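I have placed the structure first, in the form of structure tokens, so that the comments after it can refer back to it.
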Amino acid sequence: MHGVNFDVLERRDPSHYGGLTLAELEAAVGGFASDAGLVAGFFQTNSEAAFVERLRDVAASADALVINPGAWTHYSWAIHDALELARVPAVEVHLSDVAAREPWRRVSVVGDLCVATFSGHGVEGYRMAMERLAAELSGVAEGN
Ligand code: DQA
């Protein structure tokens, strides 16, 4: 699940986000999922309400979740609460290294509900997330 502003990913600062389009990101992530023996589905919206509604009911369509809420990561307690309701294992991913940027990006309101966080690895962070979730779903995951 991609959050706000991912629909214009190719227009965002390439030094942080790599200059790729959302379609290119999703094609890569779909490949990582399939390499890990998983099937990926995707969702992006700029509406926090739509994101919350999809997230809290995600178990109807998925066994696990990779979540990059974009800027909502840093302040949306509504998304935190929706993730609590999701009741599937979740991994948080950020393309950029949020810990090395502005201080307000160092806070994540979803991290405590995720089994792992990968930040600053670019697209490869999604491969790490898929591998972590495949391990989680097969019951062999330990720690972060
Ligand atoms: C982001 C990091 C956030 O701070 C930012 O607001 C984004 C993208 C990332 O993937 O690096 O929109 O989540």
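None of the figures in this text is laboratory data; all of them are computed from the coordinates on show. A quick note: this is a predicted structure, and the numbers were derived from the prediction, not measured. Here the Cβ positions follow ideal geometry from the backbone for every residue, glycine too, while neighbour counts run over all protein chains shown.
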Taking the dipole of the stretch 6-135 about the Cα centre (Lys, Arg +1; Asp, Glu -1; charges at Cβ), the one of T45, M128, S34 that reaches farthest to the positive side is M128
Show me 95-102, 13-20, 50-57, 66-73 ranked by packing, highest mean number of other Cβ atoms within 10 Å first.
-> 66-73, 50-57, 95-102, 13-20
Hydrodynamic calc, the stretch 6-135: Kirkwood Rh from Cα pairs, then Stokes-Einstein at 25 °C with viscosity 0.890 mPa s, so D in µm² s⁻¹ is 166
Calculate the spin-label point distance for R11 paired with E84, positioning each point 7 Å from the Cα along the beta-carbon direction, and give it in nanometres.
-> 3.6
What percent do you get for the relative contact order of the chain when only Cα pairs under 8 Å and 6+ apart count?
-> 25
Relative to the Cα centre, what is the charge dipole magnitude of the stretch 6-135, using +1 at the beta carbon of each Lys and Arg, -1 at the beta carbon of each Asp and Glu, and rounding to the nearest 20 debye?
-> 160
Based on the mean of other Cβ atoms within 10 Å per residue, sort peptides 132-140, 2-10 so the most packed one is first.
-> 2-10, 132-140
Percent antiparallel among DSSP beta bridges confined to the chain, rounded to 5, stands at 0
For Y75 and D35, what is the calculated FRET efficiency with R₀ set at 35 Å and r taken between the beta-carbons, to the nearest 0.05?
-> 0.55
How do 121-127, 58-64 rank on mean C-beta neighbours within 10 Å, highest first?
-> 121-127, 58-64
Diagonalise the Cα gyration tensor of the stretch 54-95 and give the resulting equivalent ellipsoid semi-axes, square root of 5 times each eigenvalue, largest first, whole Å.
-> 17, 12, 7
Under a Cβ-Cβ cut-off of 12 Å, what is the net charge of the residues other than A99 that fall near it, where Lys and Arg count +1 and Asp and Glu count -1?
-> +1
R101-E24 pseudo-label distance in nm [points 7 Å out on the Cα-to-Cβ vector] | 1.8
Between the alpha carbon centres of the stretch 43-91 and the stretch 6-37 the gap in Å comes to 18
Only helices at least 15 Å long along their axis, Cα-based, and averaging -1.0 or more on Kyte-Doolittle count here, so list those DSSP H runs from the chain.
-> 22-35, 124-137
If R0 is 35 Å, what FRET efficiency do you get for H121 and E48 from their C-beta distance, rounded to 0.05?
-> 0.85
